[in-house]
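Okay, so here's the structure we're looking at.
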Amino acid sequence: QYYVEYGHWPDFMGDGLFLDELRQAQLLAVLTAKDETNNPRNIVFFEGKTAQQHGWKQKAFGGGFHPVSGAYLDPWGRPYRIALDHDYDDQINSPYPQDAYGDRIHSKVIVWSMGKDGQQGTASNPQVRRGSDDIVSWD
């Protein structure tokens, strides 16, 4: 919806990648109307719950917005990874280029979590998702 409203993506580095907590929090600040520079109409494009503190690990959060950084965390406390179609060709480089989909995914936005183990892909190959515990928005 952000793209429809403004005609471009909120892309701070020009690569469409939001893979770490800091960059992903920047994107979420735009989408939750907390960044008026990049969302001057203050439209809320994304809503979510506040992350819960893990009982098994003091000061660790997961499953929502981190209360300090503002990043959106998976259930295991890591930021979801997000990629946008920054060159507007309706394709995104796959984070798993050796998977069945090949090196490009036909989409405007993809989101994924590295799963419980916190490692992308399988133990023997981070470029393959099949057989891993990773969770993806495409398939």
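The values are calculated or read from the model by the stated rules, or taken from the named source; none is laboratory data. Because the structure is a prediction, the values reported are computed rather than measured. Heads up, the Cβs are rebuilt from the backbone with ideal geometry, glycines too, and the neighbour counts pull from every protein chain shown. Quick note on the areas: whole protein, heavy atoms, side chains included, nothing else; ligands and nucleic acids left out. Shrake-Rupley method; radii C 1.70, N 1.55, O 1.52, S 1.80 Å.
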TODO: Determine, for each peptide in 62-69, 111-118, the mean count of other beta carbons within 10 angstrom over its residues, then list the peptides with the highest first.
DONE: 111-118, 62-69
Open item on the list: Given a 1.4 angstrom probe, what's the average accessible area per residue across the chain, in square angstrom?
Closed with: 58
- [ ] Give the shape of segment 78-139 as rounded, prolate or oblate, defined through the alpha-carbon gyration tensor: a ≥ b ≥ c are the square roots of its eigenvalues, a/c under 1.5 means rounded, and otherwise the shape is prolate if a/b is larger than b/c and oblate if not.
- [x] oblate
Task: Whole-Hz ³J(HN,Hα) from phi, Karplus 6.51 cos²θ - 1.76 cosθ + 1.60, for segment 13-30, glycine and proline x - done: 10, x, 10, x, 9, 10, 9, 10, 5, 5, 5, 5, 5, 4, 4, 5, 4, 5
Open item on the list: Shape verdict for segment 8-54, please, from the Cα gyration tensor: rounded (a/c under 1.5), prolate (a/b greater than b/c) or oblate.
Closed with: oblate
Open item on the list: Using the Cα centre of the chain as origin and beta-carbon charges of +1 (Lys, Arg) and -1 (Asp, Glu), tell me which of TYR80, GLY64, SER137 is placed farthest towards the positive end of the dipole.
Closed with: GLY64
Task: Percent carbon-and-sulfur accessible area, the chain, ignoring ligands, DNA and RNA, probe 1.4 Å - done: 51
Open item on the list: Give me the extension gain from HIS86 to ARG104: residue separation times 0.36 nm, minus the current Cα-Cα distance, reported in nm with one decimal.
Closed with: 5.2 nm
TODO: First check a/c for the chain, with a ≥ b ≥ c the square roots of the eigenvalues of its C-alpha gyration tensor; if it is under 1.5, answer rounded, and if not, answer prolate when a/b is larger than b/c or oblate otherwise.
DONE: oblate
- [ ] For LEU17, enumerate residues with amide H under 5 Å from its amide H, sequence gap 5+ or separate chain, H modeled in the peptide plane.
- [x] LEU84
Open item on the list: So, R0 is 22 Å and r is the distance between the beta-carbons of TRP138 and GLU36; what FRET efficiency does that work out to, to 0.05?
Closed with: 0.10
TODO: Place a label point 7 angstrom from the Cα of ILE43 along the Cα-to-Cβ direction, then list the residues of segment 2-22 whose backbone nitrogen is under 16 Å away.
DONE: 2-11
